[in-house]
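Notes for the one structure printed next.
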Amino acid sequence: MAKLITVRGPTRGREFKLVEDCVLGRSPACQVYIGDLTISREHARLRSTPEGWTVEDLGSGNGTFVNDLRITRSLLRRGDEIRISNCVLRFMTEQEEEQKPRWVNMVTVLAGHEPGLVHTVTQAQLPMPRLHEDPSQASLRDDLARSHRMLETLYAVSNAVASILEPKQLFEHILDYLFSTFPDADRGFVMVKDEHEQLVPAAIRLRRGEAQAGGLVVSQTVVGEVLEQGRSVLSSAGPRADRAGTKMCAPLAAQGKTLGILLIETRPEGRPFGPDELDLLTGIGAQAGVAFLNARMHQQLLRQQRLEQDMQFARQIQQSFLPAEPPVAAGFHFDRRYHPFYDVGGDFYDFIPLPDQHVGILIGDVSGKGVSAALLMARLTSDMRYFALSEGSPARVLQRANLSLCASSRDNMFATVLYLVLDVQRRVLTFSNAGHLPPLLRRASTGSVAAIDEATNLALGVLPEAVFDEFSLELGTGDSVVLCTDGVVEAKSPTEEEYGFGRLQQAMATAPAETLLDLVLKDVQRHTAGSPQYDDITLVAFSRVDGHPAT
Amino acid sequence: MLEFNRLSLDDVEVLTLKGNLDALTAPELRPTIDELVAHRKIKVVFDLRDLTLIDSSGVGAIVSLFKRVRMLGGDVKIACLANQPKEIFRLLRLDRAFDLFETVEEARGRFKK
């Protein structure tokens, strides 16, 4: 009976029993069915022929590979790996399946003395041929042959593992190599240090598939010697009397650091390992260490790239919800500045055209940063547009937005929002504030600038039964209103001093409507003097410019 | 840096926060919040005497616990607000959601029927 065992891919771990003539593909009608879109509907055919099992590519899009060679038709030997797209399937026969190495996930490190510590090495040594001796001597030939074998193995290991960038897969490959290099190895495992410097099992393999009640056991003495001294260890006996095979343990080392350990063990009655084999294991440990370091760096890079993509996505969402242009209304001048912080903060603003020459003006800040903040901000902006049109009154708009946010947002999210409605004809401004910084009003008649603290209510998304009130004021000719987020008032100078409301009020005291925000931003920049910015900076301004031009 | 301490006094849980509760440290509070809710410890007092800084993520953590215990019929009370956190609570008008107290004893006392 022949089988395919999925080593890699969506069906990983699954076995497919092969009937005499079967087709592999992503069509559910296939005997070997793998539902992966990168696999052709009918990808390859497997047949039992008088010469043995064969695999044949059925004109697939991505090809069929046997042991990494692209084939149109190939005879299969036990252990051959068939790769189609991202899937790797190992061809096996029943006979071999009995000895199939099993993966388990249990390792115990026993504290205590290791009785059988017999040999340690710090660096892989090639057996040195004794050149002064007669080259016809058997011992020299042996040495040369061993040297050759060892170099060959190291070369093969380094070739095989250098390009594997997924740590788990890397370790499984390394254990494969250890088992083929050391025919007497019965059990083997790789342990690596996690971010807390704790040793955790990364891959484990048993040659015989016996159930391991207590898992693998290794003594603290061996582990300590390898980890702390960076030495490979050969030990004749295990910490348990019933487990008396020889053990070899080598550091997984790279750039002078020990990243983990490799350990293999013979069966109790098996031929014991010797010093030459310890040398070889040490060499493999060094190769594997470099490969592991590469794989880890690659993983970090991938994570970073994913994070960056998320951020970019969030930024796009956010930008798409901000109005492109400020509105145009007779007798008023609108302006805005938006400087997002790299990390994507939760600032937002909006201008909403309303019936009867009213304009809705919105500024807010969603708690938190990143993708979730951007999504909440996007949701809140569209909610606000809808409520602004259906409700009219700023207090009622915020009330609706609060209920909506309380009902559905993640429990640790809330938002501060300042919502104003400007009646362009009557020049009346009505607003309600949900925990946001108050609007700043500059009166042209007196030249005074003041924060309007009225109608400030609880932030949105905290308490469903929160009530909101609103406040109205009339705008005279030349009057200006500035709205901002805390990124403005909390902008820090090189000496960690916050920009603050006072400076903002001063900066807007005399500026003409058209250049008001430019002057404010310039003043903020002068204050920060190049210090890094930690939050979004958002400013919205509008001025009544009818009658005579503002000065 | 955030240090926090949890103390059960009768059926009231007192959480003492010391240091900064911000985007960096707020996630550290998460498991405790989950545990309180899981064990229906729904009477909670935050002792914020030594809290030096809070940002929106930090407020988010407290708001999160507040919303969840309220769903179970409980409440979160705040004791000993000072410095920057006091200012943030004022700006966000959080006094309209949370009862604020000068001392932990007062806050605890308010839970008694």
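Against chain A, whose longest principal axis is taken from its Cα atoms, helix A:138-162 shows a tilt of about 20°. Semi-axis lengths, largest first, of the ellipsoid equivalent to the range A:267-375 are 63, 12, 9 Å, with √(5λ) applied to each eigenvalue of the Cα gyration tensor. What FRET efficiency would be calculated for the residue pair A:ASP21, A:ASP310, taking the C-beta separation as r and a Förster radius of 51 Å, to the nearest 0.05? Computed FRET efficiency for A:ASP21 and A:ASP310 comes out at 0.60. Under the combined filter of DSSP loop state and at most 15 neighbouring Cβ atoms within 10 Å, the range A:1-93 retains these GluC sites (Glu not before Pro): A:GLU20, A:GLU51. Per residue of chain A, the DSSP helices (runs of n ≥ 4 H) give a summed -39500 (n - 2.57) that works out to -10000 deg cm²/dmol at 222 nm.
Shape verdict for the range A:369-476, please, from the Cα gyration tensor: rounded (a/c under 1.5), prolate (a/b greater than b/c) or oblate. Since a/c reaches 1.5 and a/b is larger than b/c, the shape of the range A:369-476 is classed as prolate.
Annotation for A:THR446 and A:ILE317: the two label points, set 7 Å from Cα along the Cα-Cβ direction, are 4.4 nm apart. Extension gain, A:VAL328 to A:GLU514: 0.36 nm times the residue separation minus the Cα-Cα distance gives 65.6 nm. Reported value for the protein assembly as shown: 254 Å³ per residue, from the convex hull of its C-alpha atoms. Exposure proxy shown here: for A:HIS527, B:HIS39, the number of other Cβ atoms within 10 Å sets the order, fewest to most, as B:HIS39, A:HIS527.
Relative to the longest principal axis of the Cα atoms of chain A, the long axis of helix A:220-229 makes an angle of roughly 70 degrees. Against the empirical curve 2.2 N^0.38 Å, the C-alpha radius of gyration of the range A:424-465 lands at a ratio of 1.48. Could you tell me whether the range B:1-110 comes out rounded, prolate or oblate from its Cα gyration tensor? Rule is a ≥ b ≥ c as square roots of the eigenvalues, rounded for a/c under 1.5, then prolate if a/b exceeds b/c, otherwise oblate. Since a/c stays below 1.5, the shape of the range B:1-110 is classed as rounded. The mean count of C-beta atoms from other chains within 10 Å of the C-beta of residues in B:21-30, rounded to a whole number, is 1.
Per-peptide packing, taken as the mean over residues of other Cβ atoms within 10 Å, places A:430-441, A:174-185 in the sequence A:430-441, A:174-185 from highest down. The alpha carbon centroids of the range B:1-25 and the range A:498-551 are separated by 39 Å. Relative to the dominant Cα principal axis of chain A, helix A:275-320 is inclined by about 20°. Note on B:ASN5 and A:ASP453: with the Förster distance fixed at 45 Å, the Cβ-Cβ geometry gives a FRET efficiency of about 0.80.
Restricted to Cα atoms, the range A:413-504 shows a radius of gyration and a Dmax of 14.9, 47 angstrom.
In chain A, a dipole from Cβ-located charges (positive for Lys and Arg, negative for Asp and Glu) runs towards its positive end, and of A:LEU227, A:GLY52, A:LEU262 it is A:GLY52 whose Cα lies farthest in that direction.
What lysines sit close enough to A:LYS17 to cross-link, taking a C-alpha to C-alpha distance under 27 Å and skipping anything fewer than 8 places away on the same chain? Filter leaves A:LYS3, A:LYS100, A:LYS168.
Placing dummy labels 7 Å off each Cα toward the beta-carbon, the span from A:GLU497 to B:GLU87 is 1.4 nm.
Put a plus charge on the Cβ of each Lys and Arg, a minus charge on the Cβ of each Asp and Glu, and nothing anywhere else: the dipole of the range B:1-91 about its Cα centre is then about 300 debye. On the basis of the beta-carbon distance and an R0 of 41 Å, A:LEU37 and B:ARG110 show a calculated FRET efficiency of 0.10. Of the GluC sites (Glu not before Pro) found in the range A:218-322, those that fall in a DSSP loop while having at most 15 other beta-carbon atoms within 10 Å are A:GLU269.
Any read-out appearing in this document is the output of simple, stated calculations on the displayed coordinates, not a laboratory observation. From a predicted model like this one, the values you see are computed outputs, not experimental measurements. Every residue, glycine as well, gets a Cβ built from its backbone with ideal geometry; the counts of neighbours run over all protein chains shown.
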